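Q: Just dropping this structure here.
The values are calculated or read from the model by the stated rules, or taken from the named source; none is laboratory data. Just so it is clear, the structure is predicted and the values come from calculations on it, not from any experiment. Every residue, glycine among them, receives a Cβ derived from its backbone with ideal geometry; neighbour counts consider all protein chains shown.
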Amino acid sequence: MLFPTVQFATFMVVVFLGNWLLMQHPIRWRWFILAASYFFYGFWDWRFTFLLAGVTVVNQFAATRIAAARTQAGRRFALTAALVASLGVLAFFKYYGFLVTSVANTLNSFGVEANLPLLEIILPVGISFFTFQAMSYVIDVYREKLAPGTWLDVAVYLAFFPQLVAGPIVRGTEFLPQLHPPRDPRHLDSSRAFYLIFIGLAKKIVIADFIASTLVDPVFASPGLHNGLEILFAVYGFAVQIYADFSAYSDIAIGVALILGFRFPENFNAPYTATSIRDFWRRWHMTLSRWLRDYLYIGLGGSRRGRLLTYRNLMLTMLLGGLWHGAAWKFVVWGGLHGLWLALERAVTDRRRDRGIAPLPSTPLLRALQRLGTFHLVCLAWVFFRADSLSTAFSMIGRIFTAFEMSAPILTPAVLLAIAVGIAAQYVPRPSVEQALALFSRLRPALQGVALAFTLMVIDALGPQGVAAFIYFQF
C-alpha cells in the first residue's frame, strides 16, 4: 500500500478515527493499531505478516530473558541468540541468492563447476528496517538503556505502520515511552503534520518521479545511447531523485505518525549542503547513521583503540552499511567509497592536529568549495548505487570523460528546473520554514483546507501519471 494512493487515504481515515475514538481504552487501542499495522503490511503479501510476527516473538522473548537472567553469561547468550536469529532471517531472505551466486562464480573462475541450489526467494518489503529496529530494542535492553516492554507494546512498536516499510528507524527508547502518556487530538501539531505530508507528496510526485521517468531511468537503462553530458546530469538527477524520494517517505511517515499523536526522529537535514562526507552522514538517513554508529561502529571499538583501527572501523561500518542497502557488489563498492572518504577525512584531520596546523577559517568561498566537492564525491558513489552492475557504473563514468558533447536533447528545461529546485530547496533557512508554518497554523480551519486542497491539485497536475514505488522499498 503506497502512501500517495486512494487506498492509503481510505485506510488512513479509518485508522485516524479509530485511533482517537479508542485512545481512552489503552488495550483496545493497542489491538486496533496492531491489527491496522498488520493489515497495512499484509497488503503486499499476507504471508510475510508471519515473518514480522516471528521476529517480534523471538526478540521480545530474548529481551525478557535478558532482563530475567541472573548472570552476565545468561544475558549475553540471550542477546547473541536474538541477534543470530534476526541476522539469519535477514541473510536468508536478502543475501541467500547473492552469496550462492558469488561462491559459484568464484569457484567457476578457478575451473571448479559448482551447481549450488539457487532458490527463488521473494524479498519481504521493509525487512531491513524492522529487523534493525528489533535488534536495537534487544541491544538497548541488554545495555540497560531500556526495560523490556509488554508483549503487546513491543508488537505495536515493531509493526507500527507509518515507519514499518522504509523508516525512519525508530528505537524502542524513542517509541515505547510514547505509548503510555494519554494523547489529546486537541493538542496535535496538525500544521506541521500536514506540511510534512504535503511536502513529501510534492517531493515524491513532482520531483522524484518526474526526474526518474524523464531522465534517470532512460539514461541508466541505456547509457551507451547517451553522451557524457547527459550521463553527468543523469547522475545529478539521481542524486536529487533518491533524496526527494526517500526523504518524501520519511516526511510522510513522520507526518502520519504526528497525526496519530507520535513523534518520530528527523531523518534528513539538507544533506547536499554538507561540507564533508562526515557532515553528509550527519544529515543523510540520520536514523540509520546513528544506528550504524551506536550498534556497529562503537561495537567494533569506535575510535578507542588507536588510529589505524579507527580507520578500519570506519571502513567496515560503511562496507556493512552498503551491504545493508542491497545484496550486490555495487552496494559494497558504494559503502566502501564512503568508508574510504571518511577514513581519509579522519586521517587528514589527525595529521593536521599532529603538526599543530589550525583549522582553515570558515569563509563563504571555502564552504562553497567544500559543498561542491562533497556533493560530487557523493554523486560519484551514487553511480555505483544506481547502475545495474559494476561494469555499467565504470562504463558510465568513463563516458562522462570520453563521450562528452554539448548537445543533450534529453535535458529539457523542466528536467533542469526540477534538479535545481531539488538542490536549492535544501538551502532554504529553517527559520523561514518555521515562520511559514506559524502563519499556516494561525489560519482558520476552512482556509487551511482550501490551501491544502489547492496544493494537492497542483501536485497532481505537475506530477506524472501514476505513482512509482518508493526506492527504499527494495531494501
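Q: Could you tell me which residue of the stretch 133-145 is surrounded by the most Cβ atoms within 10 Å (Cβ to Cβ), considering only residues that are among the hydroxyl-bearing types (Ser, Thr, Tyr) and within 9 Å of Ala63 (Cβ to Cβ)?
A: Tyr137
Q: Follow-up. Take the residues in the stretch 346-373 that are polar (S, T, N, Q) and without any contact (Cβ under 8 Å) to a residue 60 or more places away in the chain; name whichever of them is farthest from Pro271 (Cα to Cα).
A: Thr349
Q: I would also like to ask the following. Mind telling me which of the residues Ala418, Ala414 ends up being surrounded by 14 or more Cβ atoms within 10 Å (Cβ to Cβ), among the small types (Gly, Ala, Ser), under 21 Å from Ile211 (Cβ atoms) and touching a residue at least 40 places away in the same chain (Cβ under 8 Å)?
A: Unique residue meeting the criteria: Ala418.
Q: Next up: Within the stretch 242-283, restricting attention to residues that are surrounded by fewer than 22 Cβ atoms within 10 Å (Cβ to Cβ) and of a type in the set (Asp, Glu), which residue is nearest to Gly321 (Cα to Cα)?
A: Applying the filter and picking the extreme gives Asp279.
Q: Here is a list: Pro148, Pro168, Pro124. Which entry is touching a residue at least 60 places away in the same chain (Cβ under 8 Å), surrounded by 14 or more Cβ atoms within 10 Å (Cβ to Cβ), in contact with a Leu (Cβ under 6 Å, 6 or more places away or on another chain) and not in a helix (DSSP H, G or I)?
A: Pro124
Q: Okay, next question. Tally the residues that are in a loop (DSSP other than H, G, I, E, B) and either at positive phi or surrounded by 16 or more Cβ atoms within 10 Å (Cβ to Cβ) (or both), restricting the search to the stretch 13-29.
A: 2
Q: Moving to a separate point now. Checking the structure you have, find out if any residue of the stretch 306-322 is on the phi < 0 side of the Ramachandran plot, touching a residue at least 60 places away in the same chain (Cβ under 8 Å) and of a type outside the set (Val, Ile, Thr).
A: no
Residues checked against (1) surrounded by fewer than 18 Cβ atoms within 10 Å (Cβ to Cβ); (2) among the small types (Gly, Ala, Ser); (3) assigned to a helix (DSSP H, G or I); (4) modelled with pLDDT of 90 or more:
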residue	(1), (2), (3), (4)
Met1	yes, no, no, no
Thr10	yes, no, yes, no
Trp31	yes, no, yes, yes
Ala53	yes, yes, yes, yes
Arg65	no, no, yes, yes
Ala81	yes, yes, yes, yes
Val100	yes, no, yes, no
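Q: Does Val240 count as modelled with pLDDT of 95 or more and within 30 Å of Phe454 (Cβ to Cβ)?
A: Answer is yes for this residue.
Q: Just give me the residues in the stretch 349-401 being surrounded by fewer than 12 Cβ atoms within 10 Å (Cβ to Cβ) and either in contact with a Phe, Trp or Tyr (Cβ under 8 Å, 6 or more places away or on another chain) or assigned to a helix (DSSP H, G or I) (or both), in sequence order.
A: Residues satisfying the conditions are Arg351, Arg353, Asp354, Pro364, Leu365, Ala368, Leu372, Ser391, Phe401.
Q: Name the residues in the stretch 245-273 that are out of contact with any Ser or Thr (no Cβ under 9 Å at 6 or more places or on another chain), free of Cβ contacts under 8 Å to residues at least 60 places away in the same chain and assigned to a loop (DSSP other than H, G, I, E, B), would you?
A: Asn269
Q: Does any residue of the stretch 338-347 turn out to be loosely packed, with under 13 Cβ neighbours inside 10 Å and farther than 30 Å from Leu90 by Cβ?
A: Among the residues of the stretch 338-347, not one is loosely packed, with under 13 Cβ neighbours inside 10 Å and farther than 30 Å from Leu90 by Cβ, which makes the answer no.
Q: Just checking, how many residues over the stretch 220-231 are of a type in the set (A, V, I, L, M, F, W, C) and either surrounded by fewer than 22 Cβ atoms within 10 Å (Cβ to Cβ) or outside any helix (DSSP H, G or I) (or both)?
A: 3
Q: Mind checking which pairs have a first residue in the stretch 274-289 that is under 14 Å from Thr317 (Cα atoms) and a second that is among the polar types (S, T, N, Q) and in a loop (DSSP other than H, G, I, E, B), Cβ under 9 Å, 6 or more apart or different chains?
A: Leu288/Asn267
Q: Residue check: is Phe194 in contact (Cβ under 8 Å) with a residue 24 or more places away in the chain and within 26 Å of Tyr95 (Cα to Cα)?
A: For Phe194, the condition - in contact (Cβ under 8 Å) with a residue 24 or more places away in the chain and within 26 Å of Tyr95 (Cα to Cα) - is not met.
Q: Those residues that are within 16 Å of Asp279 (Cα to Cα) and either aliphatic (A, V, I, L, M) or in contact with a strand residue (DSSP E or B) (Cβ under 9 Å, 6 or more places away or on another chain) (or both), I need them from the stretch 361-376; list them, please.
A: Those that are within 16 Å of Asp279 (Cα to Cα) and either aliphatic (A, V, I, L, M) or in contact with a strand residue (DSSP E or B) (Cβ under 9 Å, 6 or more places away or on another chain) (or both): Leu366, Ala368, Leu369, Leu372.
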